[in-house]
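Laboratory data are not the source of any read-out in this text; all were calculated from the coordinates shown. Please read all numbers here as calculations on a predicted model, not as lab measurements. Every residue, glycine as well, gets a Cβ built from its backbone with ideal geometry; the counts of neighbours run over all protein chains shown.
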């Protein structure tokens with residue numbers, strides 16, 4: 001074992017499932033090699049068609065969203081052919097993953113065109129969801145890919161829609177060494193450490209790059225503090241949603257909703273919180289909680305609540 005690898009193995013690792021660090025690694029210019037390696041592992045292009053460059057879009061982390069547990073701090077990139085690739089990591093199961101995915105995919109797809117532009121300029125749009133929970137029932141399958149196909153013949157309508165789901169928990173349940181680059185990346189994202197991580201990094205330059213960025217990140221006190229704040233926010237959300245689910249009562253759902261409103265919109269949401277407190281029907285609260293995390297503004301949140309009450 002080389003001294004460099006031995007030195008690196010003795011250092012602690014960050015939790016890559018925390019969105020702030022995830023974006024710091026894959027959404028930065030210095031992390032492009034890691035991003036390209038990850039994308040090639042997920043998309044599995046034909047030999048000779050591998051991605052060699054990407055352009056990062058929407059790379060800035062707005063500090064006002066730092067403690068917003070539902071903020072979508074995803075990574076958006078464009079390939080040399082114009083394909084849009086969106087990567088989002090979801091630690092908490094909000095029970096609307098499928099609908100959120102389609103909603104944000106559709107926004108990216110139609111958002112490519114300006115007023116009056118021809119549909120011919122629409123380019124393929126790929127969404128990659130990395131899930132910290134199990135969404136699909138198949139216990140042995142961890143990578144799911146979806147397209148638009150005819151029900152009986154399987155004929156592809158077109159190739160513009162491509163959606164991937166990667167379930168991190170399932171890869172650790174396989175209890176074996178990784179068989180390919182994608183499995184190596186999923187183990188990396190599961191925050192494995194020690195000799196297993198060393199062995200993977202030695203044969204995977206993209207993961208070595210990601211580990212190097214991690215260590216630089218750890219030494220920066222300001223960035224480390226932002227990461228710790230974000231990690232706390234995620235832990236709090238997991239606890240909040242788990243409690244609401246276990247309680248199975250209207251007040252548990254209401255607590256989750258107005259806690260979100262308070263964190264997301266602050267004092268301006270007090271009136272809306274009072275409206276939520278007045279709702280006692282569990283089915284109405286369920287309709288709200290399934291959509292409230294998509295609210296980009298207080299007006300959006302109010303519309304979601306009003307529509308659920310109708």
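So here's what we get for this one:
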quantity: Convex hull projection area averaged over all views, region 87-201, Cα basis, nm²; calculated: 9.6 nm²
quantity: Peptide ranges 74-81, 134-141 listed from the most packed, as the mean C-beta count within 10 angstrom indicates; calculated: 74-81, 134-141
quantity: Peptides ranked, highest mean first, by Cβ atoms within 10 Å: ranges 273-283, 122-132; calculated: 122-132, 273-283
quantity: Protection proxy ranking of 112-121, 47-56 - average other beta-carbon atoms within 10 Å, highest first; calculated: 47-56, 112-121
quantity: Per-residue Cβ neighbour rank within 10 angstrom, fewest leading, 197, 202; calculated: 202, 197
quantity: Distance between modelled label sites at residue 78 and residue 199, nm, 7 Å Cα→Cβ extension; calculated: 4.2 nm
quantity: Average projection area in nm² (convex hull over Cα atoms of region 248-309, one quarter of hull surface); calculated: 3.4 nm²
